[in-house]
Each structure stands twice: as C-alpha cells, then as structure tokens.
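FYI, it's all coordinate maths here, none of it is from the lab. Just so we're clear, the structure is a prediction, and the values are computed from it rather than from any experiment. Don't worry about glycine lacking a Cβ; one is built from the backbone with ideal geometry, like all the others, and counts go over all protein chains shown.
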Amino acid sequence: MTPVARTTPVRAVAGNRLATARTVRRLVPHPPLRPPTPPHGPSYRDVMRSWEELDVWSCAYCDAAFGPKVVCQADHVVPLAEGGVHELWNLVPACETCNLGKSDRPAEAWLAFLAGEALTERR
C-alpha cells in the first residue's frame, strides 16, 4: 500500500480508469505565463519633480521654453534601442518635436543634425 503523503491528485486521478488525459493535464501545475518584472526606473511624475527642483524649463536640444503650446517630454540620451536605461541620469527634458525627430538616434547625432553639420538619416 502506498503512503498517503506520496499520493498526489495527479496520481490519484491517473490511477482511476475513468480519468482522461485532459483531467490529468488540468491537475498538473503549470509555470506562470511570464516571470514578474522588476521595477522599471522612475515614474514620469518623479522625473518631472526632479526637473522642477533643478529649475529646468526648456528643451535640452532646441532650448524652446515649455508652456501651453510646447509640451515637456522625457527623452533618453542613450536610446533604449541602443542599450540605454530608464534612469534619471539618462533622461533629459525635450519638446515633442525634438523627441519625435530624435527617435532612436544618439544625442550627439541629433545635435549634429540640428546644427546642420551632418545630415544623418533615420535607420
């Protein structure tokens, strides 16, 4: 006779003649669909608060003053596509035009493009 401690629901159902493969599959525990993700760095509110403390009120690229017509966005100096991280030291305030125009280019390439020195094309 098998000890009770070793009898699992799967073994009990599998030993039953009426158990189907579907019933056994349902009782087998499965791993979670995806592993839990770690925190992804500062929130938008934290970034804006830190820029307020530093008294930053203009775009880092074109120096446009933020206001009702120019919205402040957080831009990654080293793009996430290039291996950059979402941390405060890698974020700068940018207007929507510069942020969308820079896209996944490095900051140096975007500044050179704005200065008219190098006409780099988007990838």
Dipole of segment 45-84 [Lys/Arg +1, Asp/Glu -1 at C-beta], most positive-end residue of VAL70, GLY84, ALA60 = VAL70
ask   = Amide H to amide H under 5 Å from GLY84: which residues, 5+ apart in sequence or cross-chain, H placed 1.01 Å off N in plane?
value = none
